[in-house]
Amino acid sequence: MKILGIETSCDETAAAVVADGKTVLSNVIATSAQMHIATGGIIPETAARQQVKFIIPVISKALKEAKLTYKDIDAIAVTYGPGLIGSLLVGVETAKTLAYIWQKPVIPVNHLIGHIYANWVNNMYLPKFPAIALVVSGGHTDLVLMQSHKDLKWIGGTRDDASGEAFDKCARLLDLPYPGGPNISAAAETYLKHNTKNLKLEMFPRPMIYEDNFDWSFSGLKTAALRETKNLTPNTKDRERLAAEVQEAIVDVLVNKTIKAVKIYKPKSLLLSGGVSANNRLRERFESSVLSLKFSVKLFLPEKSLCTDNAVMTAVAAYYRKRNIAWKDIATAPELTITG
Ligand code: KG4
Ligand code: ZN
């Protein structure tokens, strides 16, 4: 079964063709990220206008790279939420129009669940249930228990800012360009490389880390970083040190609470996903934490290019979570949560 995935929830315009939920035949992404550097963050109107510009060329390229025509496609999968309304509309309305003209079924996909399915791509071993999935993106931080493809239970999440948002906001305070996550990560890595001995990264608070739940709070970190940078015109060395501190504070709480959930639910698989899961330090800390558990759980880390927004994950999620829904009944849902 060949599915054409379409993803336009934010500033990426993505289309991909995936066969049988695992084999990537094409993966095309256009992004307006460069345009958002000047503003230090996404302007929704700008993102939506770029979506309009890119959508048809990106879909055409995805079919061409897969060496297919629309006739070979069995279904169209599209992200319907959460995300920016203007951006989502471009993908959803295009998918519905193509479904009508090409006479193909269209499968709506929750973007957050889409992220989780990056873990099913190109893997020799597929995730087994029950699974604990951590979704860490620019707008969301959620922990879910998956008993099957269609049985997802939300067990925790952020009470305020998302983890990606914390990276992005702290980066701005450090005068690091948008998107903040990769830039904080790069600055932090330089610091860690040069400071290997007696490394203590304890400057910032770890809110809620000992609380008896699976929730996070990241807004205090931004305030603490603001306090720290207020009287400082950061030079490169300060920036690298503070980037390492910010990263460690975020990674610490994410790993701590997720591993706590793993100890309680004892899943067969632990799945990381979303843009922040591309972070090297987070990946390393999860790898060592899972190794030190007294029972076995397989950790899945998507390929880095599939952690951030793409349409491969959308097509894969649609394959495993197919549902029959008429194109007329599909609408954008900008505020959609992970459990709908
Ligand atoms: O999943 P994603 O591409 O888009 C959303 O659905 O939001 O996630 C984007 C987020 C941004 O906040 C970005 O700064 C963060 O992921 N991110 C990272 C890294 N790469 C992307 N955060 C930390 N380290 C990274 N290497
Ligand atoms: Zn995303």
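Throughout, read-outs are computed from the coordinates displayed, never taken from laboratory work. Quick caveat, the model's predicted, so the values are computed rather than measured. With ideal geometry, Cβ positions are generated from the backbone for all residues, glycine too; neighbour counts draw on all protein chains shown.
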- Task: Rank T69, T158, T94 by mean-square fluctuation in a GNM of the chain with C-alpha springs under 10 angstrom and give only the top-ranked residue.
- Result: T69
- Which distance in Å, rounded to a whole number, links the C-alpha centroids of the stretch 279-322 and the stretch 1-19? 19 Å
- Query: Distance from the Cα centre of the stretch 58-91 to that of the stretch 99-127, in angstrom?
  - Reply: 11 Å
- Taking the Cα atoms only, what angle lies between the long axis of helix 219-230 and the longest principal axis of the chain, rounded to 10 degrees? 50 degrees
- Task: Compute the acute angle (0 to 90°) between the alpha-carbon long axis of helix 236-265 and the principal axis of greatest extent of the alpha-carbon atoms of the chain; round to the nearest 10°.
- Result: 70 degrees
- Item | Packing-based exposure ordering (other Cβ within 10 Å, fewest first) of R159, R239 | R159, R239
- Under the helix-only model (-39500 (n - 2.57) for each DSSP H run of 4 or more, divided by the residues of the chain), the mean residue ellipticity at 222 nm, to 500 deg cm²/dmol, is -13500 deg cm²/dmol
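Taking other Cβ within 10 Å of each residue's Cβ, how do W216, W327, W102 sort, fewest first?
If I rank by nearby Cβ atoms, fewest first, I get W102, W327, W216.
For the pairs K200/K304; K22/K67; K153/K328; K200/K257; K2/K53; K222/K294, note any where the Cα-Cα span goes beyond 24 Å. Walk me through the intermediate numbers first.
Details: K200/K304 27 Å; K22/K67 17 Å; K153/K328 28 Å; K200/K257 21 Å; K2/K53 26 Å; K222/K294 35 Å.
From the list (K200/K304; K22/K67; K153/K328; K200/K257; K2/K53; K222/K294), the Cα-Cα distance tops 24 Å for K200/K304; K153/K328; K2/K53; K222/K294.
So for E12, E287, fewest C-beta neighbours within 10 Å to most, what's the order? Please list the in-between numbers first.
On the way: E12 22, E287 11.
Sorted ascending by nearby Cβ count, the order is E287, E12.
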- Note on the structure: If one compares the long axis through the Cα atoms of helix 85-102 with the longest principal axis of the Cα atoms of the chain, the angle in degrees, nearest 10, works out at 30 degrees
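Using a simple charge model, +1 on the beta-carbon of Lys and Arg, -1 on the beta-carbon of Asp and Glu, nothing else, what dipole does the chain show about its Cα centre, in debye to the nearest 20?
Values: 41 positive and 33 negative charges, 168 e Å.
Computed charge dipole of the chain: roughly 800 debye.
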- Query: If you average the sequence gap of Cα pairs under 8 Å that are 6 or more apart and divide by the length of the chain, what percent do you get for the contact order?
  - Reply: 26 percent
- Message: Can you tell me what share of the DSSP beta bridges in the chain is antiparallel? A percent to the nearest 5 is fine.
- Response: 60 percent
- Here the relative contact order (percent) of the stretch 183-332, from C-alpha pairs under 8 Å and at least 6 apart, is 24 percent
- Item | Relative intensity, log₁₀ I(q)/I(0), of the chain from a Debye sum that treats every alpha carbon as a point, q = 0.08, 0.10, 0.12, 0.15 Å⁻¹ | -0.37, -0.58, -0.83, -1.23
- Task: With a ≥ b ≥ c taken as the square roots of the eigenvalues of the C-alpha gyration tensor of the stretch 94-248, please select rounded if a/c is under 1.5 and otherwise prolate if a/b is larger than b/c or oblate if it is not?
- Result: prolate
